[in-house]
Amino acid sequence: MGWNKKHSGTGSRAWPVLAAGLVTCLPISSPTLAADDVDTAGERLFSQCTTCHEIGEGARHKIGPHLDGIIGRLAGSMDGFRYSMAMREAGENGLVWDRDTLDTYLEKPSDFITGNRMSFRGMSDQRDRATLIEWMSTMSLNVPGSLVEEGDAKASGPARGFADIVLAMEGDADYGAYLAGECVTCHQASGHADGIPSIVGLPRAYFITALFEYKTNIRTNEVMKLRVANLENEEIAALAAYFSGLEPQ
């Protein structure tokens, strides 16, 4: 059975229709593309996803969940990641990620699952989607690394050293809530994205490391660099404790 639109009373979320007979099956790799070309093109296309997702050996959750084992996975089901309410409900209603559902989702994520917090606006080219999905289906067979735990964030150099200091601290979530007002002028408190990545429910280690990457010029967003320049370690720890403990809506 396909994943069908959920009908309910006024005010409920209406799900997009995905019935087995209504979705055209796509050729996952064009017959004109050699395997090497799919690998090269797929990796290039996935570069659009790397801000939020990892895939392949050692993959970990970031702003979005890691994508290892994505083919055949029930939506919203990965342990250790805080999904939006919309994505959790999609899984509860039977959405499974296969080639067809991924193709429809990648074309325009905000239409396929209304209210999900992925900020990616979509990939309109059918052949690009097919190439990316084929590449992901191969890469996702790798065994991921352990989920990001305390002290396990990926970083190097000054960011790694400074982040370790804050990761060893116990952040005050109440203090973080007090400090969060400036953050939610751009990042939505609900966890929705709408063009700006969500930080609600972000793994604590990833959150802390990301802020130090802005402070040490590894990340180059000028607005964020200004925002974090004067944050003390206690403030970073508090913000990480607060945002990592929130449930996306």
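The values are calculated or read from the model by the stated rules, or taken from the named source; none is laboratory data. What you see is a predicted model; the values in this text were computed from it and never measured. A quick note on method: Cβ atoms are made from the backbone with ideal geometry, for glycine too, and the neighbour counts reach across all protein chains shown. To get the accessible areas, we keep the full protein, side chains included, count just its heavy atoms, and leave off ligands, DNA and RNA. Shrake-Rupley method; radii C 1.70, N 1.55, O 1.52, S 1.80 Å.
Go through segment 50-70 and give me each residue that's surrounded by fewer than 18 Cβ atoms within 10 Å (Cβ to Cβ) and more than 18 Å from Ile199 (Cβ to Cβ).
Glu57, Gly58, Gly69
Consider segment 93-118. How many of its residues are in contact (Cβ under 8 Å) with a residue 12 or more places away in the chain and part of a helix (DSSP H, G or I)?
Residues meeting the conditions: 12.
Before we move on, is Asp79 open to solvent by 40 Å² or more (accessible area, probe 1.4 Å) and either touching a strand residue (DSSP E or B) at 6+ places or on another chain (Cβ under 9 Å) or small (Gly, Ala, Ser) (or both)?
For Asp79, the condition - open to solvent by 40 Å² or more (accessible area, probe 1.4 Å) and either touching a strand residue (DSSP E or B) at 6+ places or on another chain (Cβ under 9 Å) or small (Gly, Ala, Ser) (or both) - is not met.
Out of segment 171-181, which residues are in contact with a helix residue (DSSP H, G or I) (Cβ under 7 Å, 6 or more places away or on another chain) and either part of a helix (DSSP H, G or I) or open to solvent by 60 Å² or more (accessible area, probe 1.4 Å) (or both)?
To start, the set of residues in segment 171-181 that are in contact with a helix residue (DSSP H, G or I) (Cβ under 7 Å, 6 or more places away or on another chain) comprises 171-173, 175-177, 179-180.
Selection gives Asp172, Ala173, Tyr175, Gly176, Ala177, Leu179.
Quick check on my filter: what residues within segment 61-72 are farther than 14 Å from Ser140 by Cβ and out of contact with any Pro (no Cβ under 7 Å at 6 or more places or on another chain)?
Lys62 - this is the single residue of segment 61-72 that is farther than 14 Å from Ser140 by Cβ and out of contact with any Pro (no Cβ under 7 Å at 6 or more places or on another chain).
Count, please, the residues in segment 192-235 that happen to be surrounded by fewer than 16 Cβ atoms within 10 Å (Cβ to Cβ), in a helix (DSSP H, G or I), charged (D, E, K, R) and without any contact (Cβ under 8 Å) to a residue 60 or more places away in the chain.
Total meeting the criteria: 2.
Scan (1) open to solvent by 20 Å² or more (accessible area, probe 1.4 Å); (2) not in a helix (DSSP H, G or I) for the single condition Met123 breaks and write down its number.
(1)
Of the residues Met87, Met78, which is assigned to a helix (DSSP H, G or I) and closer than 25 Å to Gly245 by Cα?
Only one candidate qualifies: Met87.
Can you name the number of the only condition in (1) open to solvent by 60 Å² or more (accessible area, probe 1.4 Å); (2) in a helix (DSSP H, G or I); (3) touching a residue at least 40 places away in the same chain (Cβ under 8 Å) that Gln249 fails?
Single failed check for Gln249: (2).
Out of all the residues in segment 45-73, which are touching a Gly at 6+ places or on another chain (Cβ under 6 Å) and free of Cβ contacts under 8 Å to residues at least 40 places away in the same chain?
If the condition is that a residue be touching a Gly at 6+ places or on another chain (Cβ under 6 Å) and free of Cβ contacts under 8 Å to residues at least 40 places away in the same chain, then His53 is the only one that fits.
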